[in-house]
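The structure appears below as structure tokens.
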Amino acid sequence: MKLATIMYNGARRIAQIEGKVAQILAAPGDGIGVVSALRDPASGRTVVEEVQLDTLEFLAPVPQPPRIFGIGLNYADHAAETGREPPAIQTWFMKQITAVNAPYGDVEKPCVSDMLDFEVELVVVIGAE
């Protein structure tokens, strides 16, 4: 199952992606709506409308997370490309929630930076169950 947070009729919504079609769901397009739709198929999985995928504006998957944690140098290739050894224990850090961005959103380079680096991030939502 593929879920996406989208802009639909001026509001954040969740869409279930099936091929090139997005099924707009009744669940709200906030972090809680996404988690509920994943955890309990009956909650908010009512399809409101189907639209073509290429007509949608995609938003950040979890628009307003309360916090973002990362693990630095967590695999050997990444450590090697920085010229460092992988740490003996996990190195955790936090990122500002303003780092969240839409899949095709603009990325602004801070004036204090000379260059940007890119990374692919994996989001894991851990629930109480």
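The values are calculated or read from the model by the stated rules, or taken from the named source; none is laboratory data. Quantities reported herein were computed from a predicted structural model and do not represent experimental measurements. Note: ideal-geometry Cβ built from the backbone for every residue, glycine included; neighbour counts use all protein chains shown. What goes into the accessible areas is simple: the full protein's heavy atoms, side chains included, and nothing from ligands, DNA or RNA. Shrake-Rupley method; radii C 1.70, N 1.55, O 1.52, S 1.80 Å.
Miscellaneous remarks
- Residue within the stretch 91-106 that is surrounded by 10 or more Cβ atoms within 10 Å (Cβ to Cβ), modelled with pLDDT of 85 or more and over 17 Å from the mean Cα position of the chain (by Cα) present: yes
- The stretch 107-129 - residue that is at pLDDT below 85 and among the small types (Gly, Ala, Ser) and, of those, nearest to the chain's Cα centre (by Cα): 127
- Cross-chain or 6+ apart pairs with Cβ under 7 Å, the stretch 101-126 first and on the phi > 0 side of the Ramachandran plot and among the aromatic types (Phe, Trp, Tyr), then loosely packed, with under 10 Cβ neighbours inside 10 Å and at pLDDT below 70: none
- Strands (runs of 3 or more DSSP E) contained entirely in the stretch 1-72, each with at least 2 residues that are open to solvent by 80 Å² or more (accessible area, probe 1.4 Å) and modelled with pLDDT of 85 or more: 11-18, 47-52
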